[in-house]
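Some notes on the structure that comes next.
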């Protein structure tokens, strides 16, 4: 059992999402970075699709009521406080055995989001085949809502609901943090490329866009150059299906990149769609961060997908047992993490 | 317009029959959906029909895009017919008063009596063109030309769940309490979204037909109590 002591920024349970219901208006949802979710679960000794806690900017403070093993995937500044008040740093990209009454302060998050998995899995009911939280319709997670202080989370033993005690401790770590690419986001043109002027497309390809503050799990709104619609087509379409990664442009010319909780259909023209391999990066985007786009072919997108799948498999295979994880400061010093998002730039 | 395929990224393909709202296009969309479903292709996660298009969300590492393209273009040729996957529903609705606070206003705006508005809504089977906006939210059409009203100037912050509403020549039932700008005419006791049925949490699916049946307040309250007590089944609302 884990008790949430403090939770000030949005945090919710997410798994691989809720496919199969989009024709009924139920969004896909699921982890914004499905790759990091897989890594978090691997570090916790769980099957890849187990639900974990997805945190934004600042993670919660929690107390282990019984001994549990958790794993952190992300760039946290985490520490563990024992019952005597002694504090020790908790490394990233590794598991941590928490004794009863120990407190984990997950702290601030570099790179926007991070995941906390628990060995055995959180005991949550599957709703339409998924434990992902979709707060707008109250589906999944804890009563369909975001995490809040006072929540008590039961932990399963080897995936089986039980006394909430969790499995025996394990110790796993990833020797090298996964690297977030900082290149332009790769997109496939369309499905409504022809609704935009050629000048708008050239601006879209050539110029820089800034992630605005109007950003949540449904989408990222971008500031920057206006993408003008071709007057012959206008800025409205008879609604058709959308998907995470689709870039909608409403009448004001400001693009919106749709994310995991996006609605299933939309009435704005879509100038392009971010390729599957680059979708995980979108979850890490912070207000103030700049983005660029580059057009690729379907063949290049598929090759990128295969490469991403292979790299994720390699990353999971590299997990070793033992050790306390690595120290974040040492990593910064060695410049191993120069992800797409720099918290300093992100005002 | 010939059907064409549009790329919605590398993990989805949209078969577009046209760019207008047109029931004839929608009938072809549903025929293509049925034809594609009969192929039982592996690697497809979602098939989303809209007014005028059919989108297939798929895993390109499991399902070859070229093969899916061929299947979709073939499915596009399927002639419109009575859909084997469609269900006909008969949905009771109580009109007016606190259940449909905009009925009088709609009657005034259309220069008809309240009973003429109710009659027009209940006279014909309406088709489910699309489910969207919220889980289980159906876009039903078409309504007679004279009943075609723009949305309310000021949307309501909270439309009660189960409200029957109209706007822009279409009708809808709100499955949840939510903000909304449509004109509220009545309320149904029927749950449009119910997690108890995981195979089909939304009562209505694209391609289904719905006929509304006016009921009196007493009947509505009795049916609503039955639903609340778990004494009704979804089959109860199917047209015979």
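The conditions of being buried (at least 16 other Cβ atoms within 10 Å of the Cβ), closer than 30 Å to residue B:222 by Cβ and within 14 Å of chain A (Cβ to nearest Cβ) are met by residue B:128. Per the listing B:89, B:146, the residue uniquely touching a helix residue (DSSP H, G or I) at 6+ places or on another chain (Cβ under 7 Å) and surrounded by fewer than 16 Cβ atoms within 10 Å (Cβ to Cβ) is B:146.
Is it true that some residue in the range B:43-55 is out of contact with any strand residue (DSSP E or B) (no Cβ under 7 Å at 6 or more places or on another chain), surrounded by fewer than 20 Cβ atoms within 10 Å (Cβ to Cβ) and without any contact (Cβ under 8 Å) to a residue 24 or more places away in the chain? Checked against the condition, which is being out of contact with any strand residue (DSSP E or B) (no Cβ under 7 Å at 6 or more places or on another chain), surrounded by fewer than 20 Cβ atoms within 10 Å (Cβ to Cβ) and without any contact (Cβ under 8 Å) to a residue 24 or more places away in the chain, the range B:43-55 yields no hits at all.
Taking the criterion of being touching a strand residue (DSSP E or B) at 6+ places or on another chain (Cβ under 6 Å), part of a strand (DSSP E or B), more than 14 Å from every other protein chain (Cβ to nearest Cβ) and crowded, with 22+ Cβ neighbours inside 10 Å, would at least one residue in the range A:247-257 satisfy it? Within the range A:247-257, one or more residues are touching a strand residue (DSSP E or B) at 6+ places or on another chain (Cβ under 6 Å), part of a strand (DSSP E or B), more than 14 Å from every other protein chain (Cβ to nearest Cβ) and crowded, with 22+ Cβ neighbours inside 10 Å. Is the range A:36-58 home to any residue that is over 12 Å from the mean Cα position of the chain (by Cα), away from chain B (no Cβ under 14 Å) and more than 28 Å from residue A:309 (Cα to Cα)? Yes: one or more hits. Taken over the range B:203-219, the criterion of being surrounded by fewer than 23 Cβ atoms within 10 Å (Cβ to Cβ) and closer than 25 Å to residue A:138 by Cα is satisfied by B:205 alone.
Consider residue A:211 carefully, then state whether it is farther than 30 Å from residue B:138 by Cβ, within 10 Å of another protein chain (Cβ to nearest Cβ) and either modelled with pLDDT of 95 or more or out of contact with any helix residue (DSSP H, G or I) (no Cβ under 7 Å at 6 or more places or on another chain) (or both). The answer is no for residue A:211. Listed by position, the strands (runs of 3 or more DSSP E) enclosed by the range B:136-240 that each have at least 2 residues that are in contact (Cβ under 8 Å) with a residue 24 or more places away in the chain and under 30 Å from residue B:47 (Cα atoms) are B:138-141, B:163-167, B:170-173, B:178-180, B:209-214.
Scanning the range A:214-226 for residues that are more than 28 Å from residue B:139 (Cβ to Cβ), surrounded by fewer than 22 Cβ atoms within 10 Å (Cβ to Cβ) and either in contact with a strand residue (DSSP E or B) (Cβ under 6 Å, 6 or more places away or on another chain) or modelled with pLDDT under 95 (or both) turns up A:215, A:223, A:224.
Which of the residues belonging to the range A:227-246 are touching a helix residue (DSSP H, G or I) at 6+ places or on another chain (Cβ under 8 Å), surrounded by 13 or more Cβ atoms within 10 Å (Cβ to Cβ) and assigned to a loop (DSSP other than H, G, I, E, B)? Show your work before the answer.
Quick first cut of the range A:227-246, residues touching a helix residue (DSSP H, G or I) at 6+ places or on another chain (Cβ under 8 Å) only: A:227-230, A:233-235, A:237, A:241, A:244-245.
From the residues that got through so far, the ones that are surrounded by 13 or more Cβ atoms within 10 Å (Cβ to Cβ) too are A:227-230, A:233, A:235, A:237, A:241, A:244-245.
Within the range A:227-246, A:227, A:228, A:230, A:233, A:235, A:237, A:244, A:245 qualify.
Residues are listed down the side, and each one gets a yes or a no for (1) in contact (Cβ under 8 Å) with a residue 24 or more places away in the chain; (2) out of contact with any helix residue (DSSP H, G or I) (no Cβ under 9 Å at 6 or more places or on another chain); (3) under 24 Å from residue A:75 (Cα atoms); (4) not in a strand (DSSP E or B):
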site: A:262; (1), (2), (3), (4): yes, yes, no, yes
site: A:271; (1), (2), (3), (4): yes, no, no, no
site: A:301; (1), (2), (3), (4): yes, no, no, yes
site: A:307; (1), (2), (3), (4): yes, no, yes, yes
site: A:313; (1), (2), (3), (4): no, yes, yes, yes
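Against the numbered list (1) closer than 24 Å to residue A:141 by Cβ; (2) within 14 Å of chain B (Cβ to nearest Cβ), residue A:267 comes up short only at (1). Out of the residues in the range A:77-90 meeting the condition of being touching a residue at least 40 places away in the same chain (Cβ under 8 Å) and part of a strand (DSSP E or B), tell me which one is surrounded by the most Cβ atoms within 10 Å (Cβ to Cβ). For the range A:77-90, the residue satisfying everything is A:90.
Taken together, the criteria place residue B:121 among residues that are buried (at least 18 other Cβ atoms within 10 Å of the Cβ), in a helix (DSSP H, G or I) and more than 14 Å from chain A (Cβ to nearest Cβ). Taking the range B:1-25 as the range and being in contact with a helix residue (DSSP H, G or I) (Cβ under 7 Å, 6 or more places away or on another chain) and under 15 Å from residue B:47 (Cβ atoms) as the test, the residues that pass are B:5, B:11, B:13, B:15, B:17.
Looking only at residues in the range A:231-246 that are touching a residue at least 12 places away in the same chain (Cβ under 8 Å) and out of contact with any strand residue (DSSP E or B) (no Cβ under 6 Å at 6 or more places or on another chain), which one is nearest to the other protein chains (Cβ to nearest Cβ)?
Residues of the range A:231-246 touching a residue at least 12 places away in the same chain (Cβ under 8 Å): A:233-246.
The next check asks that each one be out of contact with any strand residue (DSSP E or B) (no Cβ under 6 Å at 6 or more places or on another chain); those that pass are A:233-234, A:236-238.
Numbers: A:233: 9, A:234: 11, A:236: 10, A:237: 7, A:238: 5 Å.
Filtering the range A:231-246 for residues that are touching a residue at least 12 places away in the same chain (Cβ under 8 Å) and out of contact with any strand residue (DSSP E or B) (no Cβ under 6 Å at 6 or more places or on another chain), the one nearest to the other protein chains (Cβ to nearest Cβ) comes out as A:238.
Of everything listed in (1) touching a residue at least 40 places away in the same chain (Cβ under 8 Å); (2) touching a helix residue (DSSP H, G or I) at 6+ places or on another chain (Cβ under 7 Å), the single unmet condition for residue B:37 is (2).
With the structure loaded, tell me whether residue A:28 is part of a loop (DSSP other than H, G, I, E, B), away from chain B (no Cβ under 14 Å) and either more than 14 Å from the chain's Cα centre (by Cα) or over 19 Å from residue A:120 (Cβ atoms) (or both) or whether it fails that test. Outline the logic, then answer.
Details: part of a loop (DSSP other than H, G, I, E, B): yes; away from chain B (no Cβ under 14 Å): no; either more than 14 Å from the chain's Cα centre (by Cα) or over 19 Å from residue A:120 (Cβ atoms) (or both): yes.
No: the conditions fail for residue A:28.
Closer than 28 Å to residue A:246 by Cα and touching a strand residue (DSSP E or B) at 6+ places or on another chain (Cβ under 9 Å): does that describe residue A:13? Show your work before the answer.
On the way: closer than 28 Å to residue A:246 by Cα: yes; touching a strand residue (DSSP E or B) at 6+ places or on another chain (Cβ under 9 Å): yes.
Considered against the rule, which asks whether it is closer than 28 Å to residue A:246 by Cα and touching a strand residue (DSSP E or B) at 6+ places or on another chain (Cβ under 9 Å), residue A:13 comes out as yes.
The values are calculated or read from the model by the stated rules, or taken from the named source; none is laboratory data. Just so it is clear, the model here is predicted, and its values are computed rather than measured. Here Cβ is always computed from backbone atoms with ideal geometry, including for glycine, and neighbour counts include all displayed protein chains.
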